[in-house]
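Quick notes on the structure that follows.
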Amino acid sequence: MNSAPGPLLAGLTARARAAAHARAPACPCGAATLADRPDGTVVRHADTVAKAHPLDATPAELTSRLTLAARHPGILLPPLDPTPVDLHGRLVTFWPYGTPVDPDAPDAAPWEAAAVLLARLHRSPAPKDLPVMRGPAKAARAVARLRAAGPHPAVASVLRAWASLPPWARAEAPMPHTGTLCHGDLHLGQLVRHPSDDGPWLLIDVDDLGVGVPAWDLARPAAWYACGLLPPGAWTRFLTAYREAGGPAVPAEGDPWPALDVPARALTAQTAARAVAKAVAAGRPLDEVEQSVVDACDRMATVPPQLVQEHAK
Amino acid sequence: MQCPKCRAPMHTYNRNGVQIEQCSGCRGIFLDYGELESLTRLEAQWSQAAPPPPPAPQAYPAPPAPAWGAPHGGHGHHGHHGHHRHKSFGHMLFSS
């Protein structure tokens with residue numbers, strides 16, 4: 001993976017320091033690079049975080065996403081300033097620091113809080129100028145990278161599952177429903193407590209936020225459950241909390257799978273595509289978890305999405 | 001083969017050496033000639049060899065899963081979540 005070029009990381013670190021010192025002149029200077037990836041470089045300086053957004057982010061779209069986050073401080077972490085600045089050709093934003101989910105304790109994951117935040121987001125009115133949610137576009141990009149990764153026995157399985165999806169889920173046609181606010185990339189790294197340590201949980205990362213099919217936001221946990229990875233108890237907690245909070249992505253009662261099926265298939269294919277591409281690049285075999293996602297792709301090819309919907313009660 | 005009830009494809013699973021076809025659509029199960037007897041025999045051996053097992057702890061019924069879900073439908077949690085598996089899944093929980 002390409003990390004940020006030196007001047008960007010150095011500049012971003014300096015900007016984070018300056019923004020932090022503007023908020024708290026007596027700064028203990030606890031600086032750290034939180035993430036350095038092509039899709040976003042994030043550095044922390046004390047209580048301030050600076051993020052360089054992906055190269056393809058546009059000022060107008062990012063500004064409307066930031067404005068939305070600023071308007072819903074009980075759902076999304078609000079930015080320090082809703083206008084991005086330019087740094088070495090990248091758009092940069094500043095945020096208060098929040099405590100993430102402990103990666104070493106995924107069993108302590110705040111499934112209920114995540115579900116309630118999503119239900120609230122999905123029930124919030126969508127502004128007219130908001131771009132579409134980028135979930136399908138990200139899945140399509142992962143599959144494009146898989147095609148370019150080189151030969152691997154699992155590539156055909158993932159591509160067959162991908163080909164069975166309707167065009168909207170592959171970002172080849174408009175989404176069937178664009179009236180609902182969606183996060184677009186929910187996983188456990190997208191939740192922080194703010195104020196840090198004991199504040200309420202909030203959603204972060206507005207890069208894929210937009211209007212679209214809200215079931216996409218439930219589809220990653222749904223896919224993990226379907227692949228036999230997420231225990232049924234955790235999935236039930238998440239789904240029940242979402243329904244009790246009035247989330248509109250699935251019916252309030254009964255089988256949620258007619259609504260979840262297509263997005264969960266797409267996210268399973270996306271996860272498998274990323275896993276296989278990484279394994280090819282590293283020249284290593286798939287591990288057991290990665291193989292279980294590829295196996296799910298194999299099974300998908302034998303059950304078309306429409307058939308599953310017909311069988312729903 | 002196709003399910004005689006709903007026409008969805010059937011998948012083969014192995015239970016204690018007995019091949020079982022399960023429908024990917026309605027989850028119905030098809031047994032070949034002699035397979036039911038094999039299962040009954042295995043069950044009889046099991047109950048002779050050991051006291052009946054306690055009922056599996058189940059706080060709530062397993063939630064529905066899609067037809068393409070894992071063979072255990074995500075219901076199985078019987079010790080196959082080893083440390084390695086857990087670590088790799090832990091990483092997946094935090095990735096786009």
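The values are calculated or read from the model by the stated rules, or taken from the named source; none is laboratory data. This structure is a prediction, so every number in the text was calculated from the model and none was measured. Don't worry about glycine lacking a Cβ; one is built from the backbone with ideal geometry, like all the others, and counts go over all protein chains shown.
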task = Looking only at segment A:228-248, decide whether some residue is within 12 Å of chain B (Cβ to nearest Cβ), touching a residue at least 60 places away in the same chain (Cβ under 8 Å), within 19 Å of the chain's Cα centre (by Cα) and not in a helix (DSSP H, G or I).
result = yes
note = The number of residues in segment A:117-136 that are crowded, with 21+ Cβ neighbours inside 10 Å, of a type in the set (A, V, I, L, M, F, W, C) and either free of Cβ contacts under 8 Å to residues at least 60 places away in the same chain or not in a loop (DSSP other than H, G, I, E, B) (or both) is 4
request  = Kindly indicate the residue of segment A:161-192 that is in contact (Cβ under 8 Å) with a residue 60 or more places away in the chain and assigned to a loop (DSSP other than H, G, I, E, B) and also nearest to residue A:130 (Cα to Cα) among those meeting that condition.
outcome  = A:183
Residue in segment A:165-183 that is surrounded by fewer than 22 Cβ atoms within 10 Å (Cβ to Cβ), more than 22 Å from residue A:269 (Cα to Cα), more than 14 Å from chain B (Cβ to nearest Cβ) and out of contact with any helix residue (DSSP H, G or I) (no Cβ under 6 Å at 6 or more places or on another chain) present = yes
query = Among the residues of segment B:15-32, which ones are at pLDDT 70 or above and not charged (D, E, K, R)?
reply = B:19, B:20, B:22, B:23, B:24, B:25, B:26, B:28, B:29, B:30, B:31
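Please verify whether residue A:265 is in contact with a Pro (Cβ under 8 Å, 6 or more places away or on another chain), buried (at least 19 other Cβ atoms within 10 Å of the Cβ), of a type outside the set (Ser, Thr, Tyr) and assigned by TED's automatic domain parsing to the domain that holds residue A:111, treating the condition exactly as stated.
For residue A:265, the condition - in contact with a Pro (Cβ under 8 Å, 6 or more places away or on another chain), buried (at least 19 other Cβ atoms within 10 Å of the Cβ), of a type outside the set (Ser, Thr, Tyr) and assigned by TED's automatic domain parsing to the domain that holds residue A:111 - is met.
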request  = Identify, by number, the condition in (1) over 23 Å from the mean Cα position of the chain (by Cα); (2) part of a loop (DSSP other than H, G, I, E, B) that residue A:299 doesn't meet.
outcome  = (2)
task = Would you check if there is a residue in segment A:80-95 being out of contact with any Asp or Glu (no Cβ under 7 Å at 6 or more places or on another chain) and of a type in the set (Ser, Thr, Tyr)?
result = yes
key: Residue count, segment A:273-286 (criterion: within 11 Å of chain B (Cβ to nearest Cβ) and assigned to a helix (DSSP H, G or I))   = 3
remark   = Taking segment A:78-113 and keeping residues within 11 Å of chain B (Cβ to nearest Cβ) and small (Gly, Ala, Ser) leaves A:105, A:109
task = Select, from A:205, A:295, A:217, the only residue that is under 21 Å from residue B:68 (Cα atoms) and within 12 Å of chain B (Cβ to nearest Cβ).
result = A:295
